[in-house]
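Student: First the structure, then my questions, so here it is.
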Amino acid sequence: MSRIGLVCANCGGKRTFSYDRLKCGCGGMLLVDYDLERAKRTMTKPALRSRGASMWRYRELLPVIEPAAVQSLGEGWTPLTPLRPDAFGLRLQSLWVKREELNPTGSFKARGLSAAVSLLAERGVRRAAIASNGNAASALAAYAACAGIEAYVFVPEDCPPLIVRECIRYGAHTFRIKGQIHDAGDWVEEGHRLFGWTSVATLKEPGRTEGKKTMGFEIAEQLGWKMPTVLVYPTGGGSGVIGLWKAFRELRALGLVSGDLPRIASVQVNGCAPLVAAVRGGGHVGEDSPVAPTGLRVPYPPDLDLLARIVRETDGTAVAVERREIEDAQRALGAIGISASPEGGAAWAGLLRLHGEGWIRPDDRVVVFNTSHALKYEPGFDACDAPVLENPTALQSWKWEKP
Ligand SMILES: *Cc1c(COP(=O)(O)O)cnc(C)c1O
Ligand SMILES: [Zn+2]
């Protein structure tokens, strides 16, 4: 709760805090800036030991100032499960899976939306909207329900049907649209223009990135304040990459960890790998993204330059895996009792690739993210009665009460 303003990730310029203006004049992304000297006084190692088991244990470095505005369903403080690398034929020092499927709503999107919806509550917003590939939509639906805020969620038509049902279950106005996540974004823009909906889409507000940042805090704390050397993260819109980078930099500034930042290895899927193209150069980004797991289907991330810079700056890398490798990885994790979503499978497949290429070294301490629960993606259900919408101009004929 030591938020003091915003700071540009590109030029370092400082701005006053804003809930919805996150573009600097230089084109860079504005991130939340904290009074770290103040945070240092209370966010100490011993103080943290007696705090509750949710991401709000790091409240000093979360953007909400008004404690009563916090919307929590018990998100975060997920297990960091150690695995024996040699059991998988891997030569590396230590290996952990961050068990993000155990969050409320079954994915790590709960973290970002807990923070984002808390900011909506702090600001007195009544109606929020999101364009999402699914997990962020159901997380908004849950936290909006918790806060008594109305949620409008727009997902691609082929969103996993159980996730669509989950949104409806939490009471969100739930719509499927023709096209991909950026097309869903057009609906949110139109709703903002017509009805003043507040967008909580990735990087449209500061909460999503700040919430995801807590994964980095937890990993450091769970490892006894020793940094891992590699993070293998399945990347879509990119708020997780930005959040993890920010987390370890803030912890270092607080003096809670020291040394090099972990190398961030971003995993995408062949057919939709804009960050791989940006980092490794050349190549076709691919809009034929239906090959990718839904959470990784973001052909146009809002700030690709920043993501590429973070990967380079941390000495990281980006790798694209194949559908087949993802399925094998989901089976391998299933076989040790971990329910891995396709995105979590992609991360595991990325680990195997980077190990095979020699990029991951025998002295590495590696954390792989299982970002969601396999059960949310079960095929063979229908999406209930969530209507399929064709064109955002249709919103003009909507009434408040009954869209
Ligand atoms: C959103 C999502 C991702 C991608 O995360 P970003 O931080 O937005 O890049 C990965 N896995 C799952 C399950 C997701 O829902
Ligand atoms: Zn700037």
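Rule-based calculations on the coordinates, nothing more; no lab input. All values derive from a computational prediction rather than experimental measurement. Positions of Cβ are generated from backbone atoms using ideal geometry, with glycine treated the same way; all protein chains shown enter the neighbour counts.
Student: Which whole-angstrom value gives the distance between the alpha carbon centres of region 103-156 and region 25-82?
Tutor: Each part's Cα centre sits 18 Å from the other's.
Student: Let me ask something else about it. Roughly what would the spin-label model give for L73 and F381, points 7 Å off Cα along C-beta, in nm?
Tutor: 1.4 nm
Student: Follow-up question, since we're still on this one. Using alpha carbon coordinates only, what is the Rg to Rh ratio of the chain, with Rh defined as the Kirkwood radius?
Tutor: 0.94
Student: A further question follows. Only residues of region 312-329 count here: report those whose backbone N is under 13 Å from the spot 7 Å along Cα→Cβ of D260, or say none.
Tutor: Label zone hits: 312-317.
Student: With each pseudo-label sitting 7 Å past Cα toward Cβ, what's the E66-W225 distance in nm, one decimal?
Tutor: 3.5 nm
Student: Right, another one. With unit charges on the beta carbons (Lys and Arg positive, Asp and Glu negative) and the dipole taken about the Cα centre of the chain, which residue among G211, V279, Q268 sits farthest to the positive side?
Tutor: Of G211, V279, Q268, it is G211.
Student: Longer than 27 Å from Cα to Cα, which of K14/K45; K109/K226; K178/K212 are they? Say none if no pair is.
Tutor: Those over the limit are K14/K45; K178/K212.
Student: Looking at region 295-403, which trypsin sites (Lys or Arg not before Pro) are in a loop (DSSP not H, G, I, E or B) and have at most 13 other Cβ atoms within 10 Å?
Tutor: In loop regions of region 295-403 (DSSP not H, G, I, E or B), the sparsely surrounded trypsin sites (Lys or Arg not before Pro) are K399.
Student: Can you give the Rg and Dmax of region 124-217 based on its C-alpha atoms, in angstrom?
Tutor: For region 124-217, the Cα-based Rg and Dmax read 12.5, 39 Å.
Student: Roughly speaking, what is the centre-to-centre gap between region 295-322 and region 369-396 when only Cα atoms are used, to the nearest Å?
Tutor: Measuring centre to centre over Cα atoms gives 25 Å.
Student: In a GNM of the chain with a 10 Å cut-off on Cα contacts, which of E210, E190, E37 has the highest mean-square fluctuation?
Tutor: E37
Student: Follow-up. With the Cα gyration tensor of region 40-134 giving a ≥ b ≥ c as the square roots of its eigenvalues, does the rule (a/c under 1.5 for rounded; else a/b larger than b/c for prolate; else oblate) give rounded, prolate or oblate?
Tutor: oblate
Student: Which residue, V319, V232, V257, has the most motion in a Gaussian network model of the chain that connects Cα atoms within less than 10 Å?
Tutor: For the chain, modelled as a Gaussian network with Cα springs under 10 Å, the answer is V257.
Student: Please identify, among C11, C167, C159, the residue showing maximal mean-square fluctuation in a Gaussian network model of the chain using a 10 angstrom Cα cutoff.
Tutor: Result for the chain, Cα springs under 10 Å: C11 fluctuates most.
Student: Taking every DSSP beta bridge with both residues inside the chain, roughly what % is antiparallel (nearest 5)?
Tutor: Of all bridge pairs located within the chain, approximately 30 percent are antiparallel.
Student: Work out, step by step, the length gained on full extension between H192 and E313: first 0.36 nm times the residue separation, then minus their alpha carbon distance; give nm to one decimal.
Tutor: 40.0 nm
Student: Going by average Cβ density within 10 Å per residue, which order do the peptides 128-139, 81-92 take, highest to lowest?
Tutor: In decreasing order of mean packing, 128-139, 81-92 become 128-139, 81-92.
Student: So what does log10 I(q)/I(0) come out to for region 324-403 at q = 0.21, 0.22 Å⁻¹, using the Debye formula with one equal point on every Cα and no solvent?
Tutor: Once normalised to I(0) and log-transformed, intensities are -0.95, -1.00.
Student: Ignoring everything except DSSP H segments at least 4 long, calculate the 222 nm mean residue ellipticity for the chain; use -39,500 (n - 2.57) per segment, divide by total residues, nearest 500.
Tutor: Dividing the helical sum by the residues of the chain leaves -10500 deg cm²/dmol.
Student: Work out the length of the dipole vector of region 1-136 about its Cα centre, built from +1 on the beta-carbon of each Lys and Arg and -1 on the beta-carbon of each Asp and Glu, and round it to the nearest 20 debye.
Tutor: 180 debye
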